[in-house]
1. Could you list, in sequence order, the residues of segment A:244-299 that are touching an Asp or Glu at 6+ places or on another chain (Cβ under 6 Å) and more than 14 Å from every other protein chain (Cβ to nearest Cβ)?
2. Scan segment B:443-454 for residues that are in a helix (DSSP H, G or I) and more than 14 Å from chain A (Cβ to nearest Cβ) and report the count.
3. Under 24 Å from A:W253 (Cα atoms), surrounded by 15 or more Cβ atoms within 10 Å (Cβ to Cβ) and in contact with a helix residue (DSSP H, G or I) (Cβ under 7 Å, 6 or more places away or on another chain): is that true of A:F145 in this structure?
4. Would you confirm whether or not segment B:190-198 contains a residue that is within 14 Å of another protein chain (Cβ to nearest Cβ) and farther than 20 Å from B:D105 by Cα?
5. Please go through segment A:142-178 and give me each residue that is touching a residue at least 40 places away in the same chain (Cβ under 8 Å), more than 8 Å from chain B (Cβ to nearest Cβ) and in a helix (DSSP H, G or I), ordered by number.
6. Just for segment A:213-235: of the residues that are hydrophobic (A, V, I, L, M, F, W, C) and within 18 Å of A:Q120 (Cβ to Cβ), which one is surrounded by the fewest Cβ atoms within 10 Å (Cβ to Cβ)?
7. What do you reckon, is A:R85 in contact with a helix residue (DSSP H, G or I) (Cβ under 6 Å, 6 or more places away or on another chain) and of a type in the set (K, R)?
Amino acid sequence: MTWLARRALQAVVTALIALTLLFFLVRSLPGDPLAILSEDRPLTSAQVQDLRRRYQLDQPLGTQFVAFMTGALRGDFGTSIQYGRPVRQLVLERLPRTILLGAVVLLINFTLGLWLGVQQALHRGRPLDRLLTTLSLAGYAMPSFWLGLMLVMAFAVRWHWLPAAGAQDPGLEGAGILTIVTDRLRHLLLPAFTLAAVSIASSMRYQRAAMMDALRQPYVAAASARGLTRRRVVWGHAWRSALPSVLTLFGLWLPILVVGAVFVEQVFAWQGIGSLTAGAAAARDYPLLMGSAVLATAAVVTGSFLSDVLHALLDPRVRTG
Amino acid sequence: MLRRCGRLLLLMMAGLSATGAAQSTPASPRRLVIAIGQSITNIVPTLNRSAAAMQISDLVFLRLGRYGGTSFGDHAAVPELAKGWTRRDSLTIAFDLDPRARWHDGTAVTARDVVYSFGRARDPKQSASTAMLLVDVAGVQAEGNNRVVIRFSRAYGEQLYDATYHVQILPAHLVAGIPADSLATSAFAQNPVGNGPYRWDRLEPTDYLQLRSVPDFFLGKPGIEQLVWRFTSSQETRLGMLLSGEADVQEDLIPPLSNLGRLAERPSLRAVNFPSMSVNYLLFNERTPGDTGRPHPIFADREVRRALTMGLDRATLSQALFVKYATPASSPAPRAAWFGALAPSPLEFNAREAIRILAARGWKDSDGDGVLDRNGAPFAFNLMVPTSSAARMQLALIVQEQWRRLGLKVELVPLELGDYLARRRPGNFDVATESFSSDPSPWSLIDRWGCSGEANYGRYCNRTADSLLRAAHLAQRDPAPAIRGWLRTVALDFPAVFLFAPDKVYAMPKAYGNVTFQVESPWQRVWTWTLPSAGR
């Protein structure tokens, strides 16, 4: 329990330090957050002054920082300059589909990816291992936007099997739940496959290496010698001991899936947090950028915390020091 | 095991594809799906700022009259909410509302709505940009339920245009009770009630906006039942949606030109073009970047600007980017504007003459390094370009190469849009790749090219030009001579290299009839389109 409390406190401190750094880094970016508003119609100087006051951009940086932190503690990240709407509303609007896409990809990586990694280790050096290595590395080396576009060209444009973009078809009002679920799944398929294809290699490679290490351990040989079934030896002994090092990947993956799917989101018009953050960064929309930063920081800290906890659960030496 | 999983995955995909194959094609030919690059969150007049939102807003909220093809005189508008108007004297116009006009909740449109809407539009706290445009409106009064009288503080030729073009009418019975600063977050903004041919239906803020036709619209029944705008920032994806049948119309099809060829993949589509209100130009900064008090060391010289204009082969440039869908420009006047025809002819490309002019101004390659120099300083400058526009990036590369042949050292400075705009406002650039869409009134250009214009980022100033434009604005008879004089003066000052006026090129189904696009607001007349005789 002490270990857990210490680890939780460490996570909170890390988050505070990260947010402080992010706040000042964002403010040091070149550009003016109000400039984007004058893209279509120029603003008068009076309007610019008024907006500066409204968004507290005329205040000293320290005052702005205190306002941001106190607001963030209340869950209020201010109003987006670009959209003129509360940041929290914008983030919450996009979060569900980011979580949906991220969760599916995470599920694929940590089920299929790990299983394939184990198969590679068991067939080390044989054709299956070589084939899977080639395929996974090809996926890893492929730019996600290119793969996405190719899939759109094949599955949407040429064969009309799946939708090219978006998260839902318009015009389904009043449709049954089954139609709506099917529609969402059809829209999810290509972006999830694209993201999984370019990311599954790392979980496979990690799992393969950890599993090969585990298979070399004396206790695995001892388990085999005791006459346990191969399945029991592989999954009950070797895989369990290989798992903790792979779980650290989970901590790394969580933030990437929250804000890192920018290209895939753009190609498939999957309007999630990634594209929102990229747009906010380009427009220097400080409140929105910081709102996304809070989310990303929370994802990093939570991911790392969760992987430590899982690690500790699987390996008691971690929590006993 | 591996084979089992693979089979299961294929089976799932096949199942999902089969169940949804019919859905990926719009279900009804009575629905037009338009793929656009921006997200729309609000279409309420005075609250929205994006061009796309304003264009959609035109289908829901009407004006007293729509733009009539000129901004001058008493034919500057065509009746819309007002069935007609009478000029009482040089300062007063009375508008008679069409008694058939109704809000989408069934309430009649009244003079009170018009008075309220003008009040809101003229209040700088609620709508600063429109308030500036309506500075000559002295008062708006209701005379009974169906007549509104607008008084102007002075006599000028664009009174009718000002009274009709800038103000969309809002329902006073729904909006007047909402505090001005809460309108953006009000229930009305989430579910606006208008008076146009289409009513607000549904907004999925990240995906699409849907409007539904108003069958008993007082000017006629719209031909298309549903209009859907799908938001997709990637142009490649928009094209994918078009070719897969998920969208019917794609705005801004070119550049890249390759998109024209790819339209052939869906034979039911065609490319439609119409002149736009845009002009693309390379803006010279006439002041030193970072010190607007001092003239620019290179571009303060009009002759140098002239040489750089002559040294660009604009015909080749526009051909490379737009093939036949652009016209070389000589001034800020857009081709689609009524005053576009008054612009002088563009300067001919003549690289030899450009080099001669530069040499006469002291710019020669004295050290043989291929770059002109004067007093030891090379002819080097930066060309700022926003990375958000692939067309402008491509344009900048061609310009860089063409100017290199003159002996100029051009450094491209690609910037994210926010950074680009932030550097443009205080004048932290040498040359900027600009594109500007103006209103149909020449007076709207004073902001960009007038000495005290808020958007005059290049700090160009010619008092004579300003006087000519002001004279045109105030003209009560024929403004053409003053406008012609203004355009000629600006063209000869070379505050920018006016490159070309591009057309709007849309991809859309061949089957639709009576297709017309309004140059100032393309979707305004979509309700008059006729349905295809067969499905898609």
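The values are calculated or read from the model by the stated rules, or taken from the named source; none is laboratory data. These numbers were taken from a predicted model, which means no experiment stands behind them. Note that we place each Cβ from the backbone using ideal geometry, even for glycine, and neighbour counts take in every protein chain shown.
1. Of everything in segment A:244-299, just one residue is touching an Asp or Glu at 6+ places or on another chain (Cβ under 6 Å) and more than 14 Å from every other protein chain (Cβ to nearest Cβ), namely A:P244.
2. So the count comes out to 1.
3. yes
4. No.
5. Answer for segment A:142-178, where residues must be touching a residue at least 40 places away in the same chain (Cβ under 8 Å), more than 8 Å from chain B (Cβ to nearest Cβ) and in a helix (DSSP H, G or I): A:S144, A:F145, A:L147, A:G148, A:L151.
6. Once the filter is applied, the top-ranked residue is A:W235.
7. For A:R85, the condition - in contact with a helix residue (DSSP H, G or I) (Cβ under 6 Å, 6 or more places away or on another chain) and of a type in the set (K, R) - is not met.
Every residue, every condition in (1) in contact with a Pro (Cβ under 9 Å, 6 or more places away or on another chain); (2) buried (at least 22 other Cβ atoms within 10 Å of the Cβ); (3) at positive phi, yes or no:
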| position | (1), (2), (3) |
| --- | --- |
| A:H237 | no, no, no |
| A:A242 | no, yes, no |
| A:G251 | no, no, no |
| A:A261 | yes, yes, no |
| A:V264 | yes, yes, no |
| A:W270 | yes, yes, no |
| A:I273 | no, yes, no |
| A:A278 | no, no, no |
| A:P287 | yes, yes, no |
